[in-house]
1. Could you give the accessible area per residue of region 79-140, probe 1.4 Å, as a whole number in Å²?
2. How large a share of the accessible area of region 283-343, in percent, is made up of carbon and sulfur atoms when the probe is 1.4 Å and the other protein chains stay in place?
3. Once Rh for region 241-376 is found with the Kirkwood sum over Cα pairs, what is the Stokes-Einstein diffusion coefficient at 20 °C and 1.002 mPa s, in µm²/s?
4. In Å and whole numbers, how far do the C-alpha atoms of region 210-289 stretch along each principal axis, longest first?
5. So, by mean Cβ neighbours within 10 angstrom, what's the order for 66-75, 179-188, 241-250 with the highest one leading?
6. Please work out the FRET efficiency for the pair Leu17 and Glu129, using the Cβ-Cβ distance as r and a Förster radius of 51 Å; give the result to the nearest 0.05.
7. Compute the distance in nm between two label points, each set 7 Å from the Cα along the Cα-to-Cβ direction, one at Arg259 and one at Leu212.
8. Along its principal axes, what span do the Cα atoms of region 147-296 show, with the longest given first and each in whole Å?
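The values are calculated or read from the model by the stated rules, or taken from the named source; none is laboratory data. Predicted model, so just to flag it, every value in this text is computed and none were measured. For neighbour counting, all protein chains shown are included, and Cβ atoms are generated from backbone atoms with ideal geometry for every residue, glycine included. SASA here: full protein model, heavy atoms, side chains in, ligands and nucleic acids out. Shrake-Rupley method; radii C 1.70, N 1.55, O 1.52, S 1.80 Å.
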Amino acid sequence: MATSPTNAAPQPATARLPLAGDTAGRVLIALLLAAAVAVPVANLLVPEGSALHLSSYTVTLLGKYLCYALLALSVDLIWGYCGILSLGHGAFFALGGYAMGMYLMRQIGTRGVYSDPVLPDFMVFLNWESLPWYWLGFDHFPVALIAILAAPGALAFVFGWLAFRSRVTGVYLSIMSQALTYALMLAFFRNEMGFGGNNGLTDFKELLGFDLTADTTRAGLFVASALALAGGYLVCRFIVTSKLGRVVTGVRDAEARVRTVGYRVDHYKVWLFTVSAMLAGIAGALYVPQVGIINPGEFSPLNSIEIVVWVAVGGRGTLIGAVVGAFAVNYGKTVFTGVWPEGWLFALGALFVVVTIWLPRGVTGLFRHRRGEGEA
């Protein structure tokens, strides 16, 4: 008589739970969920005279850091686990920001300087007669959500398909990605593109009917950013711990061998690159309503290089390192630009040199190394 396979080996926990064995990840998720509750309470309910009160400026600043952390996470996904060093990821961040900015501009309506119910102020100023076709539908939030994912995702797919299919790798791919974001920056500076030119998109009024200048809205955006970072981390962790993630890691370590075995390496690279770009687009979309502006400067190649520095400082190939690096470097930037504005770039360059020479695994790698020595 046939019996059920009671002795069958159970599936590994990592196949079901992305955070299994990831203590740092569990701590991060717990901190993000706690911050999503504590920060709005400290801002909205704690009196201003209290030492526990958080100003709206601090809430916005922390929200920006969360967006940067999600952006760094997207870079670590492809660089740390697939060996793709992108120096143009700022382009995907900016495209997501512009998609959100277009929606916010359409919500201004007659409250603009020229009181035009359809055309944004910069279009009226430049004597545009009608709304460009690619602006149609952006008065609806679902359309903006689709564009936030589709615009960076489509660009990454096309760029990745052309590059990886041609087996462009290493420094050549990095230069190509940097050229991509530089070309987009020059294009978006042109008034003829219909994205506000040098000034970009600004003077936003509301998001989903909520006043963007209200403290409650800023707190809500902070919560959304914290949840987005938590969700992004879970998605990345699920990918890198899956069978697909192991193939991707194999591509990073021995691409020729993985290709010889029979895997379509270019397909894996394109897929991962597209997912990474979409995460960057979400980060940009959350960033724009908190800072109140999006302009072509976000496409600057220097911004993309900074992202790589964040990941390197925190420790690439760890996910948690990208988050730590983004917070640490941007906090340092906030402090340095207030104390020594002209010296920030020198400090950033020195930091990158120090990490490259003495901390090749980043800050998290240093802590893991010391913990390993202690356990030994």
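1. 41
2. It is 66 percent, rounded to a whole number.
3. 123
4. 58, 19, 15 Å, listed from the longest principal axis down.
5. Per-residue mean Cβ counts within 10 Å order the peptides as 66-75, 179-188, 241-250.
6. Details: r = 56 Å, r/R0 = 1.11.
With a Förster radius of 51 Å, E is 0.35.
7. 4.6
8. Taking the Cα atoms of region 147-296, the three principal extents are 57, 36, 21 Å.
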